[in-house]
Structure formats: structure tokens, C-alpha cells
């Protein structure tokens, strides 16, 4: 009995303690933005609540590479998480792109109606793929901005339009608009605008302001082309290295902080739209007939995405059903 007791005591003494962990997070968001500041404030709160066992370290401005490079670093443990646009995780959960479908939404109220039902679905979809996520965080509507006015699809076809690299869904969708895009990493956009390699892009106004892209164009097409959102994602394997209690702290703090960030970013995105136009960009409004063609082509783009397996028809229909109910109740 003494021997057995001694073995038990020694075994307990040798049991591994929960590891302290600095969670390293990469993001393309520049230093000083609300998103980066939110992560740093959350790190202080998490550190205090866990007595220093869990902290966050943020690598802003894309210093760790593009989304694909960051995911490789996460797989091998050099990084633990990333704050990215939702499309960066399409490989984990393809239906997460439902919020990004072209011309799906006509207003922020419609976005809120769909997100109220689908945000938990998206988080669960990411979790099923091995990622714990926080958000979505409002990224605002992307608008087309160009050197020459663009009201119609025919106008768009005359432009040298930027397409983000490693974005297979956008590459597939843009085909129905008969546009030959210029594929570039985000870091090359400003220089390419300056040199004339591209003369048009689609982006939320806040991004155009932050990255100075607005300074190289003259027109903004007043049509919400697509909705964008961000998400903070951790590989669950890395979080499993910390205790359940510390994971609970992380979950609580980041959920609260990102809910606040979502609200503030919505207000900031709405203000940025006015700010971009105040910089001298001329607003271009498509006619009813032109808007009808944009929407028809967008429907074709969604069908192409469904046929290519980029998103499930069931998820697309679910979003449309929510919108139909919302619009009927207005």
C-alpha cells in the first residue's frame, strides 16, 4: 500500500501543468487601426485574468506574409492565429462566403437580418474545420472605385481591374462580367495604381482611405458591390495547449471585445463612405436598367460559384430566404 501511495504521489507531482502561451497573431490590418488596437487591449485583459499564462502578440501590416503564407506558419506552429477577411478561410468552410456574394445586400439593415441568423452558423462551420473564431467583424460594403466613371457593366469591361491574389471565388465570379482582371497581392495595389497597371478596384471605403488607394482614382460607383467581414481565427490545436479555464477567459474576453469592434467598425465604415467622397471622388449612380444588368450578372456569378462547388446552393437559398422574409416585412 505504501508503495502504491508513493507512486500515486510521484505521478501527481510529475503531471504536466497547463502551459503558458503567447498566442501569435498575424494580420494585414495596419498598425494603429481599431482591429489591432482591440487585440492589444484584449491581450492586457487576458493576461491579467490568467495571471500572465496567456497573452497575445500581434504582427500587423502583413509582415508575416499573405494569407496562404500565414496559414502555413500556423500549421507548423510559428503562428497560432490570424485576423483576416472572411474569404481567407473559405478553404476551411466554403459556405462562409455566403455573406460575400455579389449584390446580395442592398442595405446594412439587410446585412444585420442575415447575420443575426447566420453568424453562429459560420462560427460552427469554422469550428467543425478545426478553427475557433471570433466575429464576424463588419468590414463594410465594397464599392467600385475607378479612374474613369463606371455606371454599366460595359464601362467596367474597359477598366484594368484589380483582383486579389489567391482568391479563387472572385476569379470565378468575375468571369460572368467579361473582365480580364489584373491579379495582385494587396501590397502591390497602390504602386500599380500609381503606374497605371490597374485603374479600378473594389474595396470598402475605409480600406481605400487607410491604404491611400483613393488618391489614385476619381470616381466611386454608388452601388454596394458586396459585403465584407473580418474574423479572428485560431487553430484549435494550439488553444488546446492551455487549460480549459484559461480558454474560457480567452473566449469571454475576445467575444466581448470583438462584439464591440463590430459595432465601432460599422460606424467607422459608414463614416468612411462620406469621407472618401469628401476627398473629391465623384459619385456615379447606375440607371435602373444598368442596375438590372449588374444584378443579372451577379445572379449568374452565384450560379457559377454553386456549380463550381465554391458554395452550397442550400446556404445561398438560406440567405435569400432570410432576405425575402425581411423585405416582405418592411
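Residues are listed down the side, and each one gets a yes or a no for (1) within 17 Å of the chain's Cα centre (by Cα); (2) under 21 Å from residue 185 (Cα atoms):
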residue	(1), (2)
40	no, no
44	no, no
63	no, yes
70	yes, yes
75	no, no
90	yes, yes
96	yes, no
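Please tell me if residue 249 is over 22 Å from residue 103 (Cβ atoms) and at pLDDT 95 or above. Spell out the reasoning first.
Details: over 22 Å from residue 103 (Cβ atoms): yes; at pLDDT 95 or above: yes.
Yes, satisfied.
So that you can scan it fast, the table gives a plain yes or no per residue for (1) modelled with pLDDT of 95 or more; (2) in contact with a helix residue (DSSP H, G or I) (Cβ under 8 Å, 6 or more places away or on another chain); (3) under 30 Å from residue 319 (Cα atoms); (4) not in a helix (DSSP H, G or I):
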| residue | (1), (2), (3), (4) |
| --- | --- |
| 43 | yes, no, no, no |
| 46 | yes, yes, no, no |
| 52 | yes, no, no, yes |
| 61 | no, no, no, yes |
| 69 | no, no, no, no |
| 88 | no, yes, yes, no |
| 95 | yes, yes, yes, no |
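Could you give me the residue pairs with C-beta distances under 7 Å whose first residue belongs to region 122-151 and is without any contact (Cβ under 8 Å) to a residue 60 or more places away in the chain, whose second residue is surrounded by fewer than 24 Cβ atoms within 10 Å (Cβ to Cβ) and part of a loop (DSSP other than H, G, I, E, B) wherever it lies, and which are 6+ apart or on separate chains?
Close Cβ pairs satisfying both conditions: 125/93; 129/92; 129/93.
Name the residues in region 173-191 that are at pLDDT 90 or above and part of a helix (DSSP H, G or I), would you?
Passing the criteria: 176, 177, 188, 189, 190, 191.
Can you tell me which of 156, 220, 163, 226 is surrounded by 15 or more Cβ atoms within 10 Å (Cβ to Cβ) and more than 20 Å from residue 290 (Cβ to Cβ)?
On the way: 156 fails: more than 20 Å from residue 290 (Cβ to Cβ); 220 fails: more than 20 Å from residue 290 (Cβ to Cβ); 226 fails: more than 20 Å from residue 290 (Cβ to Cβ).
Within the list 156, 220, 163, 226, the selection yields 163.
Tell me, yes or no, whether region 44-62 has at least one residue that is under 22 Å from residue 227 (Cα atoms) and surrounded by 19 or more Cβ atoms within 10 Å (Cβ to Cβ).
no
For a quick check of your reading of the model, give me the residue pairs whose first member lies in region 154-171 and is on the phi < 0 side of the Ramachandran plot and free of Cβ contacts under 8 Å to residues at least 40 places away in the same chain, whose second is part of a loop (DSSP other than H, G, I, E, B) and surrounded by fewer than 18 Cβ atoms within 10 Å (Cβ to Cβ), with beta-carbon atoms closer than 6 Å and at least 6 apart or on different chains.
These pairs meet every condition: 157/178; 157/179.
Report whether or not residue 309 is touching a helix residue (DSSP H, G or I) at 6+ places or on another chain (Cβ under 9 Å) and at positive phi. Working first, answer last.
Numbers: touching a helix residue (DSSP H, G or I) at 6+ places or on another chain (Cβ under 9 Å): yes; at positive phi: yes.
Judged against the criteria, residue 309 is a match.
Go through the residues of region 103-116 one by one and say whether even a single one is under 18 Å from the mean Cα position of the chain (by Cα), over 23 Å from residue 298 (Cα atoms) and either surrounded by fewer than 16 Cβ atoms within 10 Å (Cβ to Cβ) or modelled with pLDDT under 95 (or both).
So far as region 103-116 goes, yes, one or more of its residues are under 18 Å from the mean Cα position of the chain (by Cα), over 23 Å from residue 298 (Cα atoms) and either surrounded by fewer than 16 Cβ atoms within 10 Å (Cβ to Cβ) or modelled with pLDDT under 95 (or both).
Give the number of residues within region 156-168 that are in a helix (DSSP H, G or I) and farther than 15 Å from residue 225 by Cα. Steps first, answer last, please.
Filtering region 156-168 down to residues in a helix (DSSP H, G or I) leaves 156, 168.
Adding the requirement that they be farther than 15 Å from residue 225 by Cα leaves 168.
Looking only at that region, the number is 1.
The values are calculated or read from the model by the stated rules, or taken from the named source; none is laboratory data. Nothing here was measured: the structure is a model prediction, and the numbers come from that model. Glycine also receives a Cβ, built like all others from the backbone with ideal geometry; neighbour counts cover every protein chain displayed.
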